[in-house]
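See below for the structure under consideration.
The values are calculated or read from the model by the stated rules, or taken from the named source; none is laboratory data. The structure displayed is predicted, hence computed values, not measured ones. Protein only, heavy atoms only, side chains kept; ligands, DNA and RNA dropped before computing areas. Shrake-Rupley method; radii C 1.70, N 1.55, O 1.52, S 1.80 Å.
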Amino acid sequence: MFGPLDTLKMGAGLAGGLMLYHLYAVSIGYPSATREARAGYVLLAEKSAADAKAAEMERQRNAAAKASEEHRKRLAAAEAAEQAARDTLEIEIQSYELQLSEKNRACAVTAADRQWLLRH
């Protein structure tokens, strides 16, 4: 059938073919390794994009919470200032009315005063 020389020739041919395939695969890159690398890259890119999106959402949420807290503080300060102004006004009115009552005077608006206010 096959002699030892034929077996040696077939082995050398097989080794040469494998060597040529290996050189070809190395020169263009192994297709299976390329597919695996791309698949891994896609997963990595999707993961990093999702992480970046989550970090951005966290940053926006924190910024919104901070802005909301600042707004709440300013609103509370404005309400306190408004209440203080109302209280001061009431105290001044009461003080003025007390001064008028001590002098037996009143601060009544007459019809003429009302007409003058309506005209102006």
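Conditions (1) of a type in the set (A, V, I, L, M, F, W, C); (2) open to solvent by 90 Å² or more (accessible area, probe 1.4 Å), marked per residue:
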| position | (1), (2) |
| --- | --- |
| Gly16 | no, no |
| Met19 | yes, yes |
| His22 | no, no |
| Ala52 | yes, no |
| Ala55 | yes, no |
| Gln60 | no, yes |
| Ala65 | yes, no |
* Count - residues of the range 69-120 that are open to solvent by 70 Å² or more (accessible area, probe 1.4 Å) and either within 33 Å of the chain's Cα centre (by Cα) or of a type in the set (D, E, K, R) (or both) -> 20
